[in-house]
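**Q** My structure is below; once you've seen it, I'll send some questions.
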Amino acid sequence: GITVDTKGRGIDMNSNGVPDEVESYIERMKKGDTNISTKGGQSIEDLINGGYINVYFDTDSSKPRTESMDAINFVVQYLRQNPNAAVDVMGYADEVGSAEYNKTLSEARSANVKDIMTKAGISASRLNIVAKGEDSSVDVNSKEARSLVRRVTFKLK
(Lines give C-alpha, C1' and ligand atoms only; values in the text may rest on other atoms or scores of the structure.)
Protein backbone atom coordinates (compact mmCIF):
# COMPACT_ATOMS: atom_id res chain seq x y z
CA GLY A 1 0.00 0.00 0.00
CA ILE A 2 3.01 2.34 0.06
CA THR A 3 5.85 3.07 -2.34
CA VAL A 4 8.75 0.64 -1.87
CA ASP A 5 12.28 0.22 -3.17
CA THR A 6 13.52 -2.74 -5.20
CA LYS A 7 13.82 -4.83 -2.03
CA GLY A 8 10.24 -4.16 -0.91
CA ARG A 9 11.19 -1.68 1.83
CA GLY A 10 9.22 1.51 2.36
CA ILE A 11 11.05 4.58 1.04
CA ASP A 12 12.52 6.34 4.09
CA MET A 13 14.70 9.21 2.86
CA ASN A 14 15.40 10.57 6.36
CA SER A 15 16.17 7.07 7.76
CA ASN A 16 14.00 7.49 10.85
CA GLY A 17 12.26 4.12 10.66
CA VAL A 18 8.97 5.55 9.33
CA PRO A 19 8.38 5.41 5.57
CA ASP A 20 8.02 8.87 4.03
CA GLU A 21 4.53 8.13 2.77
CA VAL A 22 3.38 7.22 6.29
CA GLU A 23 4.93 10.42 7.66
CA SER A 24 3.04 12.42 5.04
CA TYR A 25 -0.18 10.65 6.03
CA ILE A 26 0.35 11.54 9.69
CA GLU A 27 1.13 15.17 8.89
CA ARG A 28 -2.10 15.46 6.92
CA MET A 29 -4.00 13.86 9.82
CA LYS A 30 -2.51 16.39 12.26
CA LYS A 31 -3.72 19.20 10.02
CA GLY A 32 -7.26 17.85 10.19
CA ASP A 33 -7.47 16.47 6.64
CA THR A 34 -10.00 13.68 7.07
CA ASN A 35 -10.15 12.87 3.37
CA ILE A 36 -6.89 10.93 3.20
CA SER A 37 -5.74 7.37 2.72
CA THR A 38 -2.62 5.49 1.80
CA LYS A 39 -2.19 3.89 -1.60
CA GLY A 40 -4.32 0.78 -1.67
CA GLY A 41 -6.53 2.19 1.09
CA GLN A 42 -4.46 0.72 3.93
CA SER A 43 -5.18 1.96 7.40
CA ILE A 44 -2.65 3.11 9.98
CA GLU A 45 -3.26 -0.20 11.74
CA ASP A 46 -2.33 -2.11 8.57
CA LEU A 47 0.88 -0.10 8.24
CA ILE A 48 1.91 -0.71 11.86
CA ASN A 49 1.04 -4.41 11.73
CA GLY A 50 2.63 -4.78 8.31
CA GLY A 51 6.08 -3.92 9.64
CA TYR A 52 6.37 -0.50 7.99
CA ILE A 53 7.13 1.16 11.35
CA ASN A 54 10.51 -0.01 12.69
CA VAL A 55 12.98 0.94 15.37
CA TYR A 56 16.58 0.18 14.36
CA PHE A 57 19.65 -0.63 16.46
CA ASP A 58 23.39 -0.68 16.00
CA THR A 59 25.29 -3.97 16.24
CA ASP A 60 25.30 -5.45 19.73
CA SER A 61 23.20 -2.57 21.10
CA SER A 62 19.84 -2.45 22.81
CA LYS A 63 19.61 1.35 22.57
CA PRO A 64 17.47 2.55 19.64
CA ARG A 65 19.22 4.61 17.00
CA THR A 66 18.41 8.30 17.41
CA GLU A 67 16.72 8.53 14.02
CA SER A 68 14.32 5.74 15.05
CA MET A 69 12.72 7.81 17.80
CA ASP A 70 10.16 9.06 15.26
CA ALA A 71 8.96 5.49 14.78
CA ILE A 72 8.48 5.07 18.53
CA ASN A 73 6.68 8.42 18.71
CA PHE A 74 4.45 7.37 15.82
CA VAL A 75 3.21 4.32 17.77
CA VAL A 76 2.95 6.31 21.01
CA GLN A 77 0.76 8.86 19.23
CA TYR A 78 -1.43 6.09 17.82
CA LEU A 79 -1.84 4.56 21.29
CA ARG A 80 -2.74 7.96 22.78
CA GLN A 81 -5.43 8.39 20.14
CA ASN A 82 -6.68 4.82 20.66
CA PRO A 83 -6.81 4.27 24.44
CA ASN A 84 -8.21 0.74 24.14
CA ALA A 85 -5.41 -0.48 21.88
CA ALA A 86 -2.45 -2.53 23.06
CA VAL A 87 0.67 -3.55 21.18
CA ASP A 88 3.25 -6.30 21.03
CA VAL A 89 6.75 -4.79 21.00
CA MET A 90 8.70 -7.39 19.01
CA GLY A 91 12.49 -7.37 19.14
CA TYR A 92 14.84 -8.99 16.63
CA ALA A 93 18.57 -9.50 16.26
CA ASP A 94 20.78 -10.46 13.33
CA GLU A 95 22.45 -13.88 13.14
CA VAL A 96 25.87 -12.78 14.37
CA GLY A 97 26.54 -14.35 17.77
CA SER A 98 24.87 -17.26 19.52
CA ALA A 99 21.14 -17.86 19.30
CA GLU A 100 20.86 -17.57 23.09
CA TYR A 101 22.67 -14.23 23.15
CA ASN A 102 20.54 -12.90 20.29
CA LYS A 103 17.32 -13.95 22.05
CA THR A 104 18.45 -11.99 25.12
CA LEU A 105 19.47 -9.01 22.97
CA SER A 106 16.12 -9.00 21.14
CA GLU A 107 14.35 -8.98 24.52
CA ALA A 108 16.51 -6.09 25.75
CA ARG A 109 15.66 -4.14 22.59
CA SER A 110 11.94 -4.68 23.16
CA ALA A 111 12.27 -3.78 26.84
CA ASN A 112 14.08 -0.52 26.05
CA VAL A 113 11.45 0.52 23.51
CA LYS A 114 8.72 -0.35 26.04
CA ASP A 115 10.52 1.77 28.65
CA ILE A 116 10.66 4.75 26.28
CA MET A 117 6.96 4.34 25.53
CA THR A 118 5.99 4.14 29.23
CA LYS A 119 8.05 7.27 29.94
CA ALA A 120 5.99 8.93 27.18
CA GLY A 121 2.84 8.14 29.15
CA ILE A 122 1.67 4.80 27.74
CA SER A 123 0.64 2.31 30.42
CA ALA A 124 3.01 -0.66 30.64
CA SER A 125 -0.05 -2.93 30.74
CA ARG A 126 -0.73 -2.00 27.09
CA LEU A 127 2.78 -2.99 25.95
CA ASN A 128 3.76 -6.65 25.62
CA ILE A 129 7.43 -7.55 25.10
CA VAL A 130 8.04 -10.30 22.54
CA ALA A 131 11.64 -11.48 22.09
CA LYS A 132 11.78 -12.96 18.60
CA GLY A 133 15.53 -13.66 18.62
CA GLU A 134 17.36 -14.00 15.34
CA ASP A 135 15.85 -12.89 12.05
CA SER A 136 17.48 -15.14 9.46
CA SER A 137 15.62 -13.71 6.49
CA VAL A 138 18.65 -11.82 5.13
CA ASP A 139 22.16 -12.68 3.98
CA VAL A 140 24.27 -13.00 7.14
CA ASN A 141 27.31 -11.90 5.11
CA SER A 142 25.77 -8.56 4.15
CA LYS A 143 26.38 -5.75 6.65
CA GLU A 144 23.58 -3.67 5.08
CA ALA A 145 21.08 -6.54 5.21
CA ARG A 146 21.92 -7.32 8.82
CA SER A 147 21.27 -3.67 9.75
CA LEU A 148 17.65 -4.12 8.58
CA VAL A 149 16.93 -7.03 10.91
CA ARG A 150 18.34 -5.42 14.07
CA ARG A 151 14.99 -3.92 14.89
CA VAL A 152 11.81 -3.70 16.91
CA THR A 153 8.46 -3.91 15.12
CA PHE A 154 4.93 -3.58 16.45
CA LYS A 155 1.74 -5.63 16.29
CA LEU A 156 -1.49 -4.03 17.46
CA LYS A 157 -3.84 -6.13 19.56
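The values are calculated or read from the model by the stated rules, or taken from the named source; none is laboratory data. This structure is a prediction, so every number in the text was calculated from the model and none was measured. With ideal geometry, Cβ positions are generated from the backbone for all residues, glycine too; neighbour counts draw on all protein chains shown. Accessible surface is based on the protein model in full, side chains and every heavy atom, while ligands, DNA and RNA are left aside. Shrake-Rupley method; radii C 1.70, N 1.55, O 1.52, S 1.80 Å.
**Q** In segment 80-93, what residues are open to solvent by less than 80 Å² (accessible area, probe 1.4 Å) and at pLDDT below 95? If you could, list the steps in order and put the result at the bottom.
**A** First, pick out the residues of segment 80-93 that are open to solvent by less than 80 Å² (accessible area, probe 1.4 Å): 82, 85-93.
Answer for segment 80-93, where residues must be open to solvent by less than 80 Å² (accessible area, probe 1.4 Å) and at pLDDT below 95: just 82.
**Q** Also, quick follow-up: Could you tell me whether residue 58 is farther than 20 Å from residue 45 by Cβ and open to solvent by less than 70 Å² (accessible area, probe 1.4 Å)?
**A** Considered against the rule, which asks whether it is farther than 20 Å from residue 45 by Cβ and open to solvent by less than 70 Å² (accessible area, probe 1.4 Å), residue 58 comes out as no.
**Q** Might you let me know whether segment 10-21 holds any residue that is open to solvent by less than 30 Å² (accessible area, probe 1.4 Å), modelled with pLDDT under 90 and hydrophobic (A, V, I, L, M, F, W, C)?
**A** yes
**Q** Hey, among the residues in segment 127-157 that are among the basic types (Lys, Arg) and under 19 Å from residue 58 (Cβ atoms), which one's most open to solvent (accessible area, probe 1.4 Å)?
**A** 143
**Q** Further question on the same structure: Just for segment 109-133: of the residues that are among the hydrophobic types (A, V, I, L, M, F, W, C) and more than 15 Å from the chain's Cα centre (by Cα), which one is farthest from residue 66 (Cα to Cα)?
**A** Across segment 109-133, the extreme among qualifying residues is 124.
**Q** Hand me the list of strands (runs of 3 or more DSSP E) wholly inside segment 65-157 holding 3 or more residues that are without any contact (Cβ under 8 Å) to a residue 60 or more places away in the chain.
**A** 127-134
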